[in-house]
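A.B. asks: Take a look at the following structure, please.
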Amino acid sequence: MTELMPSPAPLRSRYTTVEDLAQTAGGDSPSLSLSDLEASTGLDARRIQTLCHAIGLPPVTDPDAITFTARDAQELSHAAAAVDSGVIDAQTQLNLFQAAAATAERLAWSQIETIMEFAARTGAPDGAPAQLAAIDRVAGLADQLEAQMTYVWRHQLARAVRRIGGRAVAAQETPAGSAQDTARAVGFADLVDYTAVTGAFGRAELDALVQEFTAVTRDIVAQGGGRIVKTLGDAVMFVTEDAAHGANIALGLAEALGATGHTPPARVALAFGPVLGRYGDVFGTTVNRASRLADIAEPTQVLIDEPTARQLQGTNTVAVTPRPAVELAGLGPVRPYRLDRAAQRVAA
């Protein structure tokens with residue numbers, strides 16, 4: 001389904017209007033109304049509207065307006081069939097659509113912004129605005145971008161299956177394993193004095209800092225067996241399946257950020273406990289505890305909570321030092337622990 005532009009803008013390209021570009025990027029042109037979609041899929045209007053809302057599409061007010069594509073009919077039929085066959089239930093299908101929509105929206109904007117940067121650097125043909133040149137190129141690259149996304153997604157899906165499968169096997173072998181099914185290690189790394197440091201930066205300097213911050217955090221988290229949940233401007237949030245991997249990543253981030261002089265140092269924290277996973281994000285008290293601990297950590301320091309410290313007992317690669325309890329907003333008194341590599345603590 002596509003959103004129609006109220007006043008299409010002419011472009012200096014092989015496309016006549018913005019809507020031409022949008023339809024090329026979307027891969028199909030509208031050919032069906034809501035009434036047509038009901039007839040071809042067997043779904044009623046309410047169910048179609050509910051699924052479309054989950055994808056992030058606007059509601060259809062005119063059942064006879066041509067707003068849907070043949071691909072809409074195909075994918076909505078597949079979605080409904082999965083529910084009707086009992087493979088998943090209706091709420092799970094909505095959650096899956098919402099997760100895909102949230103990720104796809106962020107990816108689409110990121111791709112366009114990246115190509116806009118390229119257009120701004122290289123100059124747009126015929127003096128066209130960078131934005132129009134960028135969406136022209138995006139439309140032309142849509143098939144390649146789709147194939148690239150599927151290629152990367154398959155790798156990430158396989159990676160997730162391996163991690164979760166390994167955790168499930170380990171839980172079977174642990175008497176208390178089932179109680180830990182929703183437990184994760186959640187970490188935050190927050191750049192120190194980011195606003196003050198970047199206040200006088202030009203565009204190129206800020207871009208270099210963001211690129212380095214992104215590359216360093218991505219590499220350390222991936223190599224350490226975790227995944228980045230999201231970046232929050234000057235902070236990154238990551239999650240791992242266990243405390244040991246989380247501790248290694250947290251220490252790696254504390255050591256690497258600020259070491260080159262291009263990025264400020266970071267405050268890092270890690271908490272272990274139950275979380276609620278939705279749309280690729282995680283929620284709950286464990287997340288809040290990690291975030292609050294990062295707020296009170298010193299630059300280059302890693303703080304962990306008591307559940308994490310318990311999980312790390314007997315680990316000979318790290319040293320855990322208790323600190324006085326502190327009052328954390330919304331959480332009450334929490335006792336933090338300082339995390340170091342064992343060799344560093346012995347040397348100190």
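A.B. asks: For the charge dipole of the chain, defined by +1 on Lys and Arg C-beta atoms and -1 on Asp and Glu C-beta atoms about the Cα centroid, which residue among Ile88, Ala73, Ala247 has the Cα displaced farthest towards the positive pole?
C.D. replies: Ala247
A.B. asks: Nearest 5 percent is fine: what portion of the DSSP beta bridges confined to the range 182-347 is antiparallel?
C.D. replies: In the range 182-347, approximately 90 percent of DSSP beta bridges are antiparallel ones.
A.B. asks: Same structure, new question: Using the basic label-point model (7 angstrom from Cα toward the beta carbon), what is the Phe118 to Ala39 distance in nanometres?
C.D. replies: It works out to 4.3 nm between the two label points.
A.B. asks: Could you tell me the calculated FRET efficiency between Glu327 and Thr214, based on Cβ-Cβ distance and R0 = 41 angstrom, to the nearest 0.05?
C.D. replies: The value I calculate is 0.75.
A.B. asks: Would you mind ranking Thr198, Thr308, Thr150 so that the residue whose beta carbon has the fewest other beta carbons within 10 Å leads the list?
C.D. replies: Thr150, Thr198, Thr308
A.B. asks: Just how far, in whole angstrom, is the range 80-116 from the range 231-290 if you go by their alpha carbon centroids?
C.D. replies: The two parts, judged by their Cα centres, are 25 Å apart.
A.B. asks: From the Cα gyration tensor of the range 18-161, with a ≥ b ≥ c the square roots of its eigenvalues, which class applies: rounded if a/c is under 1.5, or else prolate if a/b is larger than b/c, or else oblate?
C.D. replies: It comes out oblate by the Cα gyration axes.
A.B. asks: Return the whole-Å distance between the Cα centroid of the range 134-151 and the Cα centroid of the range 188-215.
C.D. replies: 29 Å
A.B. asks: If r is the Cβ-Cβ distance from Asp89 to Ile164 and R0 is 30 Å, what FRET efficiency results, to the nearest 0.05?
C.D. replies: After rounding, the FRET efficiency stands at 0.90.
A.B. asks: Now a separate question. Could you work out Rg/(2.2 N^0.38 Å) for the chain, with Rg from alpha carbons only?
C.D. replies: Taking N as the residue count of the chain, the ratio is 1.20.
A.B. asks: Within the chain, what is the longest stretch that has no chymotrypsin sites (Phe, Trp or Tyr not before Pro) placed in a DSSP loop and near at most 14 other beta-carbon atoms within 10 Å?
C.D. replies: So the longest stretch without any such site is 1-200.
A.B. asks: Here's another thing I want to ask about it. Dipole magnitude of the chain about its Cα centre, charges +1 at Lys/Arg Cβ and -1 at Asp/Glu Cβ only, in debye to the nearest 20?
C.D. replies: With Lys and Arg at +1 and Asp and Glu at -1, about 1380 debye.
A.B. asks: Please report the relative contact order for the range 18-161, taking Cα pairs under 8 Å with a sequence separation of at least 6, and give it as a percent rounded to a whole number.
C.D. replies: Once normalised by length, the contact order is 26 percent.
A.B. asks: Under unit Cβ charges (Lys, Arg +1; Asp, Glu -1), what dipole magnitude, rounded to 20 debye, does the range 182-347 have relative to its Cα centre?
C.D. replies: I would put it at about 420 debye.
A.B. asks: Related question: Under a point spin-label approximation (7 Å from Cα along Cα-to-Cβ), what is the His262-Ala99 distance to one decimal in nm?
C.D. replies: Inter-label distance under the simple model: 3.4 nm.
We did not get these values from a lab; they are worked out from the coordinates using the rules stated. What you see is a predicted model, and the numbers here were worked out from it, not measured in a lab. Glycine gets a Cβ as well: all are built from the backbone with ideal geometry, and neighbour counts include every protein chain shown.
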